[in-house]
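See below for the structure under consideration.
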Amino acid sequence: MEMEKASSLLFSGLHFDRKKFSRDFSKFQKNTGTEKPQSRDTAVVTAPDPGKKRKRKENSSRTCESEAVEGFSVFKTADPASSATIKRCSTQVVDGKKEINQQIEKAAILRKKHGIHVSGHNIPSPLENFEELSTRYCCESYILRNLAALGFREPTPIQRQAISVLLSDRECFACAPTGSGKTFAFVCPILMKLKSGSKNGVRAVIICPTRELAAQSTRECKKLAKGGKLKIKLMTKELSRSGDFMKMACDILVSTPRRLEYAIRKKKLDLSRVEYLVLDESDKLFELGYLTQIDFVVKACSNPSIIRSLFSATLPEAVEEHARTIMHDAVRIIVGRKNSASDLIKQKLIFAGSEKGKLLALRQSFAESLNPPILVFVQSKERAKELYKELAFDNLKVDLIHADLTQEQRDDAVDNFRAGKTWVLIATDVIARGMDFKGVNCVINYDFPESAAAYIHRIGRSGRAGRKGEAISLYTEEDAKFLRNIANVMVASGCEVPSWILALPKLRCKKHRPSRESISTGGADNDVEE
Ligand SMILES: Nc1ncnc2c1ncn2[C@@H]1O[C@H](COP(=O)(O)OP(=O)(O)OP(=O)(O)O)[C@@H](O)[C@H]1O
């Protein structure tokens, strides 16, 4: 139901005028792209389509495609009497085809090696290494320096494919495991494409579902942009209320949907020149709570040549279908198995019997081996407060984070956890998505997650960037209806699960979180805050 509404709302304001952009066809024959002449995308063998729906910068077609067209025109204008010319040309065509086939094969091998699955037309080959950013796409040296300074030696699979797709001015929707480097997969091409700073307003927008994630993405973006001229800004509460973007240098803006909408409505922010729009954690942003804001922002990004991209570790069918109908010639990228947990996480299910049993199991687990940093997820802010009170006197360095805290308190909680000052952070789902806490050893689902997606994102706070992690999920009888879904995710990652759980009935429709006995005292808790 939610997605049906999404389909009717999202992107509905966008309209592309074919006639208006028909002139662009002529541009396909000019060489103005950023990809270097010697570089070739794979599988680009057809002549450009003059009826293409939208204006595109030409570098994506400035490859074998334009060469094939040029080849034919050479053929036509050559002296027909000269058999030598004809022979030379046909040899060139055969050589060209052979080369293209070799490149297609090479790209396929590379994709197979890295578990990259793609669909769409004329998909650029994945990057073999970061050097290709400069040899193939003329990347400025400061970006390569920053990549090296960050210690990134090889692109991750999602970076290999998404970077080349976005650098070829193609829209994409991508699904890759948690902690697999999706942030740089969209940040890097944006920095490369925008090149120098401009005073003409915001040119790229990155939307994240939470303020913490927006702040983190801004920081990551700034790390890669160090030494360049681009201005990157995080939309703070203050900026959204009183900042005048018309008078401010800002090339890349990172924001939550609400703050973005607020600034646009106040007419202090014009997004009509935006060239790149990223919806990070896109499936979350497509949920009802965000939908009208996202729709409003997407309409405000009215530049017809905008490149939009969707990234997440979970991409439900409904979101995919929707993306396919509204995006233009988009490339679908899936790394590994779709909607699955990272292979690096060891997952365990523990039956705790009752709410009291859960507290006991948690204390016991801490007593046996406390290996911080540890994240403990609960289903509501009330329960976060209750659990905090229980653990605060257990001689643990424990803290909590939920949506009721001030921004300063939330920032402190995140910073202290990052700095190792907090060993155990109790959290609601407010930090379940996207947050990159390095080296989280264990995620404990104190309250069982109510969907496979929620589970994948929560446990994905550990086992990031190639490190191993652990996830423990406590459950009681109240959680029976959610068990099978989560167990299926575990089985798909190679974990053992009792067979009776897999034989439980399928979850047919979305179920509400169970009301639970209070952690500290009696009473029920029906709060559904994230
Ligand atoms: N090429 C690379 N080599 C090594 N580490 C990398 C590389 N790219 C990114 N990383 C690191 O991997 C970690 C996870 O990256 P990131 O937060 O982008 O993951 P993600 O896929 O967006 O995860 P999530 O789905 O949870 O949002 C970060 O610490 C980042 O610095």
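The values are calculated or read from the model by the stated rules, or taken from the named source; none is laboratory data. Because the structure is predicted, anything quoted here is derived from the model rather than measured. Neighbour counts are summed over all protein chains in view; Cβ atoms, including those assigned to glycine, are modelled from backbone coordinates with ideal geometry. Protein only, heavy atoms only, side chains kept; ligands, DNA and RNA dropped before computing areas. Shrake-Rupley method; radii C 1.70, N 1.55, O 1.52, S 1.80 Å.
Residue by residue, what Karplus-based ³J(HN,Hα) values in Hz, rounded to whole numbers, does the stretch 235-246 have, using 6.51, -1.76 and 1.60 with θ = phi - 60° and x for Gly and Pro?
With coefficients 6.51, -1.76 and 1.60, one gets 6, 8, 4, 4, 4, 5, 8, 10, x, 10, 5, 5 Hz.
Where does each of 494-500, 455-461, 245-251, 217-223 land if you order them by average Cβ count within 10 Å, highest first?
In descending order of packing, they fall as 455-461, 217-223, 245-251, 494-500.
Just to check, using Stokes-Einstein with a Kirkwood Rh over alpha carbon pairs, what's the diffusion coefficient of the stretch 249-386 at 20 °C and 1.002 mPa s in µm²/s?
Approximately 113 µm²/s, per Stokes-Einstein.
In whole Hz, what ³J(HN,Hα) sequence does the stretch 252-263 give by Karplus (6.51, -1.76, 1.60; θ = phi - 60°), x for Gly and Pro?
Along the stretch 252-263, the couplings run 10, 10, 10, 7, 8, x, 4, 5, 5, 4, 4, 5 Hz.
Return the inverse of the average 1/r over all pairs of distinct C-alpha atoms in the stretch 230-283, which is the Kirkwood hydrodynamic radius, in Å to one decimal.
In the stretch 230-283 this quantity evaluates to 11.5 Å.
Loop-only check: which chymotrypsin sites (Phe, Trp or Tyr not before Pro) in the stretch 131-229 are DSSP coil with at most 13 other Cβ within 10 angstrom?
Qualifying residues, ordered by number: none.
Considering only Cα-Cα distances, which of the following residue pairs are longer than 18 Å: 247/267; 421/468; 356/389?
Exceeds cut-off: 421/468.
Could you tell me the center-to-center distance, by alpha carbons, between the stretch 304-320 and the stretch 346-412 in angstrom?
For the stretch 304-320 versus the stretch 346-412, the Cα centre distance is 33 Å.
Count the lysine pairs in the stretch 85-226 whose Cα atoms sit under 24 Å apart, keeping only pairs 8 or more residues apart in sequence or on different chains.
24
When the Karplus curve 6.51 cos²θ - 1.76 cosθ + 1.60 is applied with θ = phi - 60°, which whole-Hz ³J(HN,Hα) does each residue of the stretch 110-121 get, with x for Gly and Pro?
4, 5, 4, 4, 9, x, 9, 10, 10, 9, x, 9
With the alpha-carbon atoms as the only input, what is the per residue convex hull volume for the stretch 254-334 in Å³?
Looking at the stretch 254-334, the number lands at 94 Å³ per residue.
Could you look at the stretch 118-249 and say what percent of its accessible area is carbon and sulfur, using a 1.4 Å probe and all protein chains?
C and S fraction of accessible area: 51 percent.
If the limit is 23 Å between Cα atoms, which of 231/284; 358/385; 233/268 go over it?
Cα-Cα > 23 Å for 231/284; rest within.
Hey, can you grab everything whose amide H is under 5 Å from the amide H of residue 422? Only 5+ residues off in sequence or another chain; H modelled, so Pro and N-termini drop out.
The answer is 417.
Taking H as built 1.01 Å from N, whose amide H comes closer than 5 Å to the amide H of residue 201, not counting residues under 5 places away?
250
Please report the equivalent ellipsoid semi-axes of the stretch 118-254, computed as sqrt(5 x eigenvalue) of the Cα gyration tensor, largest first, in whole Å.
For the stretch 118-254, the ellipsoid semi-axes come out as 26, 17, 15 Å.
Could you calculate, for the stretch 189-281, the ratio of the Cα radius of gyration to the Kirkwood radius, expressed as Rg to Rh?
0.92
Determine the share of the stretch 340-423's accessible area contributed by carbon and sulfur atoms, expressed in whole percent, with a 1.4 angstrom probe.
51 percent
Could you pull out every residue, at least 5 positions away or on a different chain, whose amide H is within less than 5 Å of the one on residue 350? Hs are placed 1.01 Å off N in the peptide plane, and Pro or chain starts have none.
Here 473, 474, 475 satisfy the definition.
Tell me which trypsin sites (Lys or Arg not before Pro) from the stretch 165-198 have a DSSP coil assignment and no more than 15 other beta carbons within 10 Å of their own.
For trypsin sites (Lys or Arg not before Pro) across the stretch 165-198 that sit outside H, G, I, E and B with at most 15 neighbouring Cβ atoms in 10 Å, the list reads 195.
Order 348-356, 365-373, 157-165, 116-124 from most to least packed using the mean count of other Cβ atoms within 10 Å.
So the order, starting with the most tightly packed, is 157-165, 116-124, 348-356, 365-373.
Any idea how far the Cα center of the stretch 137-178 sits from the one of the stretch 467-513, in Å?
So the two Cα centres are separated by 34 Å.
Quick one: accessible surface of residue 389, probe radius 1.4 Å, all protein chains present, in square angstrom to the nearest 10.
Counting only protein heavy atoms, residue 389 exposes about 140 Å² to solvent.
Volume per residue, Å³, of the convex hull around the alpha-carbon atoms of the stretch 315-452?
Taking only Cα atoms, the stretch 315-452 has a hull volume of 154 Å³ per residue.
With N set to the number of residues, divide the alpha-carbon radius of gyration of the stretch 387-431 by 2.2 N^0.38 Å and report two decimals.
1.07
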